[in-house]
């Protein structure tokens, strides 16, 4: 299955988040609990960790980019050979956990 990674506002008034560092690139595998990406709001650093195993497929932003909340940050899949969806196809949301550091 293909998933998309998005960030939901963790605090009122947070509209954007900046990508600090990806912990892997396209083709990288991860397991539950692995750090996927570090993000920054105007007040805090946020670590996004996987809540299930998967393979990073496509990054939709680079370190330093500001991304609006709810915007797709990356695509992941269970199988690295699974075809990515075309524009407009619905895909599952990738479940992540985040920690303020």
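Would you call residue 8 over 15 Å from residue 80 (Cβ atoms), loosely packed, with under 12 Cβ neighbours inside 10 Å and modelled with pLDDT under 90?
Numbers: over 15 Å from residue 80 (Cβ atoms): yes; loosely packed, with under 12 Cβ neighbours inside 10 Å: yes; modelled with pLDDT under 90: yes.
Considered against the rule, which asks whether it is over 15 Å from residue 80 (Cβ atoms), loosely packed, with under 12 Cβ neighbours inside 10 Å and modelled with pLDDT under 90, residue 8 comes out as yes.
Taking the stretch 25-50 only, how many residues are assigned to a loop (DSSP other than H, G, I, E, B), surrounded by 13 or more Cβ atoms within 10 Å (Cβ to Cβ) and touching a residue at least 24 places away in the same chain (Cβ under 8 Å)?
Counting residues in the stretch 25-50 that are assigned to a loop (DSSP other than H, G, I, E, B), surrounded by 13 or more Cβ atoms within 10 Å (Cβ to Cβ) and touching a residue at least 24 places away in the same chain (Cβ under 8 Å) gives 4.
Out of everything in the stretch 11-24 that is in a loop (DSSP other than H, G, I, E, B) and touching a residue at least 40 places away in the same chain (Cβ under 8 Å), what residue ends up being surrounded by the fewest Cβ atoms within 10 Å (Cβ to Cβ)? Before the answer, list the steps.
Step one: filter the stretch 11-24 for residues in a loop (DSSP other than H, G, I, E, B), giving 11-15, 23-24.
Now narrow it down to the ones that are touching a residue at least 40 places away in the same chain (Cβ under 8 Å): 14-15.
Details: 14: 16, 15: 11.
Among them, the one singled out is 15.
Confirm whether residue 62 is surrounded by fewer than 19 Cβ atoms within 10 Å (Cβ to Cβ) and in a strand (DSSP E or B).
No.
The values are calculated or read from the model by the stated rules, or taken from the named source; none is laboratory data. For clarity, every value in this text was computed on a predicted model and none was experimentally measured. All Cβ positions, even for glycine, are placed from backbone atoms using ideal geometry, and neighbour counts span all protein chains on display.
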